[in-house]
1. Considering the convex hull of the alpha carbon atoms of region 8-183, report its projected area averaged over all viewing directions, in nm², one decimal.
2. With +1 assigned to the C-beta of every Lys and Arg and -1 to the C-beta of every Asp and Glu, and no other charges, what is the dipole magnitude of the chain about the Cα centre in debye, to the nearest 20?
3. What aspartates and glutamates sit close enough to residue 78 to cross-link, taking a C-alpha to C-alpha distance under 13 Å and skipping anything fewer than 8 places away on the same chain?
4. Name the residue farthest towards the positive end of the dipole of the chain from the options 187, 149, 247, assuming +1 on Cβ of Lys and Arg, -1 on Cβ of Asp and Glu, about the Cα centre.
5. For a Förster distance of 35 Å, can you work out the FRET efficiency between the beta-carbons of residue 226 and residue 165, rounded to the nearest 0.05?
6. Over what distance in Å are the Cα centres of region 131-207 and region 60-94 separated?
7. Longer than 22 Å from Cα to Cα, which of 129/212; 18/82; 158/249; 42/82; 54/186 are they? Say none if no pair is.
8. From the C-alpha gyration tensor of region 193-249, pull out the three semi-axes of the equivalent ellipsoid (sqrt of 5λ each), sorted largest to smallest, in whole Å.
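Every read-out reported here was derived from the displayed coordinates using simple, explicitly stated rules and does not represent laboratory data. Predicted, not measured: the structure shown is a model, and the values here were computed from it. In this analysis, Cβ positions are derived from the backbone assuming ideal geometry, glycine residues included, and neighbour counts consider all displayed protein chains.
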Amino acid sequence: MKHFHAKKRFSQNFLKGKRIVKKIVNCADIDNETVVEIGAGKGILTKLISARAKMVYAVELDRELISTLEDLDLSNVKVVNKDFLQLDLRDFGKPVIVGNIPYSITTQILKMLVQQKGAFKRAVLTIQKEYGARLLAKAGSAEYGSITLFTGYHFQVKKEFAIPARFFSPQPKVSSLVIKLTSRAKPFYLKDENAFFEMIKGIFCYRRKYMKNALMNYLHDVPPGLDSALLQKRPGDLTLHDYYALYCKL
């Protein structure tokens, strides 16, 4: 593999350092379970996962890396040369998801996991640190946004630990963060989840404005009967339940 060059189109940044990899596997808390690994790469994470898992499906899109993964010759590892986003997780028997995921498709992967959240047990993902801050943000903070609310509605998001950029090759310009996603009971029932989150996303387009002006821009009207205190807040000050109350009014 010394002649292998990372491909920008796959957003390849390979983990290095067994101590870091071991910490990721420990966070996944694998106990003789099936694991689907996103972007197995050169197999550094795959090898440690296989020691604890019943079965590992090492998903890798780059064909150039497939032979390297197959050469690991691990009896409980099956290499899958596919795009993770195209998988039906039901085919793997409710697995644990683990992966150092490409930064460029983090949102796509999150949406895919939301769509299939009943088909896996938990997910331990290494993502861009700044993106992780958005998922973990509190109302009123600069990082808080529609993706915070979307993810928080569907999952319990737990911060595990940060990984400095030097533990990747090639070295990215930013640090990474390991997070764990576990399913949570929905905080309220929505007949149309897409409409609810489209509303939130639309309002956040005007996050610097007061809600009164944000609604005027988004809806071209301010519906009657809204709490005057809410109208004096900004989009980033509202909690998920605040948005639900607003959605019900609308």
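1. 9.4 nm²
2. About 720 debye.
3. 37, 60, 70
4. 149
5. 0.20
6. 27 Å
7. The answer is 129/212; 18/82; 158/249; 54/186.
8. 15, 13, 12
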